[in-house]
Amino acid sequence: QACSLLFTPEGKVKQFTIGYVMDRCIGNTGGMGGFFGVLHAVGKTLPFEEGKSWAPSWGYALYVEVGRLFGRLRLLTAKDEAERYRLEKAMIKMPAATDDIG
């Protein structure tokens with residue numbers, strides 16, 4: 001979670017916001033971020049698809065796993081540690097069906 005402050009031109013606190021979700025893959029947010037994640041965490045989901053816990057389809061899970069496989073194969077062909085480091089940093093981190101997202 002994170003918090004934020006808004007200030008007046010005089011430097012006084014105008015708004016103090018606490019408890020909004022920063023990482024939808026950690027905790028009990030059901031894979032949702034922002035306000036939807038907070039609602040899910042307290043058991044008050046909204047009555048439409050976007051307000052429900054996220055679950056990947058088999059097609060999406062396959063897509064992610066194939067991407068991970070090709071990423072690992074590419075790492076094996078790295079010429080040196082610098083290239084390996086650059087490739088690891090460039091790899092997209094997407095949740096797969098087997099990942100725990102809360």
> With labels modelled as points extended 7 Å from the Cα through the Cβ direction, what inter-label distance (nm, one decimal) is found for LYS79 paired with ASP23?
Replying inline: 3.4 nm
> Ignoring ligands and nucleic acids, what accessible area does LYS14 show with a 1.4 Å probe (Å², nearest 10)?
Replying inline: 150 Å²
> Nearest 20 debye, what's the magnitude of the dipole of the stretch 1-93 about its Cα centre given +1 on Lys and Arg Cβ and -1 on Asp and Glu Cβ?
Replying inline: 60 debye
> What does the convex hull of the Cα atoms of the stretch 1-83 come to per residue, in Å³, rounded to a whole number?
Replying inline: 172 Å³
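The values are calculated or read from the model by the stated rules, or taken from the named source; none is laboratory data. All values reported here derive from a predicted model rather than from experimental measurement. Positions of Cβ are backbone-derived with ideal geometry, glycine not excepted, and every protein chain shown enters the neighbour counts. Only protein heavy atoms, including side chains, enter the accessible area calculation; ligands, DNA and RNA are left aside. Shrake-Rupley method; radii C 1.70, N 1.55, O 1.52, S 1.80 Å.
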